[in-house]
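Only one structure is covered here, and it is reproduced in the block below.
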Amino acid sequence: QVQLVESGGGLVQAGGSLRLSCAASGRTFNAYAMGWFRQAPGLQREHVAAITWGFGTTYYSDSAKGRFTVSRDNATNTAYLQMNSLKPEDTAVYFCAATLGGSVWLERFYDYWGQGTQVTVSS
C-alpha cells in the first residue's frame, strides 16, 4: 500500500513558477514509476509527466515539454514537478500517482493516487 500526498499548489501569475511535491508513504516507493496528471474544470484528466523508478527516465506531454521537469528522490520518498513559464491554460488540479508497471501514459495502469493540489495561473 502506498499513500500519496501532494503539496505546493497555489495561485501564480502567468510566467511564474511552482514546484509541486508528492510525498509517498508505505513500502517500496522506489519500485514505482511516478506520474503527474491534471484535470481542469469540465475536462478529462490528462497526463503531464512521469518518471520511472530505475533509470529515472522521464516522459512529458507536449504541453509540458520544455517547461516542466519531473524528478524524484527515493531517499525521501518524494516526487516533484517543477513548473516554469506557467500559462493560464495550466490551471487545473494536479495529481500524482504511482504505478508498478504498464504504460506511464495511461491512468488505468496507476495503482495509487493522491488527493490533488490546485494550481491557478492568472493572466
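The values are calculated or read from the model by the stated rules, or taken from the named source; none is laboratory data. A quick note: this is a predicted structure, and the numbers were derived from the prediction, not measured. Neighbour counts run over all protein chains shown; Cβ positions are idealised from the backbone, glycine included. With ligands, DNA and RNA removed, areas are computed over all heavy atoms of the protein, side chains included. Shrake-Rupley method; radii C 1.70, N 1.55, O 1.52, S 1.80 Å.
Being of a type in the set (S, T, N, Q), more than 11 Å from the chain's Cα centre (by Cα) and either surrounded by 14 or more Cβ atoms within 10 Å (Cβ to Cβ) or assigned to a strand (DSSP E or B) (or both) is the filter here, so list the residues in region 1-27 that pass it. Quick ask: steps written out before the conclusion?
As a first pass, look at region 1-27 and keep what is of a type in the set (S, T, N, Q): 1, 3, 7, 13, 17, 21, 25.
Narrowing the set further to residues that are more than 11 Å from the chain's Cα centre (by Cα) leaves 1, 3, 13, 17, 25.
Answer for region 1-27, where residues must be of a type in the set (S, T, N, Q), more than 11 Å from the chain's Cα centre (by Cα) and either surrounded by 14 or more Cβ atoms within 10 Å (Cβ to Cβ) or assigned to a strand (DSSP E or B) (or both): Gln3, Gln13, Ser25.
Counting only residues that are under 15 Å from Ser17 (Cα atoms) and assigned to a loop (DSSP other than H, G, I, E, B), which one in region 64-81 is most open to solvent (accessible area, probe 1.4 Å)? Can you show your working first?
Within region 64-81, the subset under 15 Å from Ser17 (Cα atoms) is 64-70, 80-81.
Keeping just the survivors that are assigned to a loop (DSSP other than H, G, I, E, B) gives 64-67.
Numbers: Ala64: 0, Lys65: 118, Gly66: 84, Arg67: 31 Å².
Checking each candidate, the answer is Lys65.
Report the residue count in region 88-107 for those that are modelled with pLDDT of 95 or more and part of a loop (DSSP other than H, G, I, E, B). Before you say what the answer is, go through the steps one by one.
Of all residues in region 88-107, those modelled with pLDDT of 95 or more come to 88-97.
This time we only want the ones that are part of a loop (DSSP other than H, G, I, E, B), so: 91.
So the count comes out to 1.
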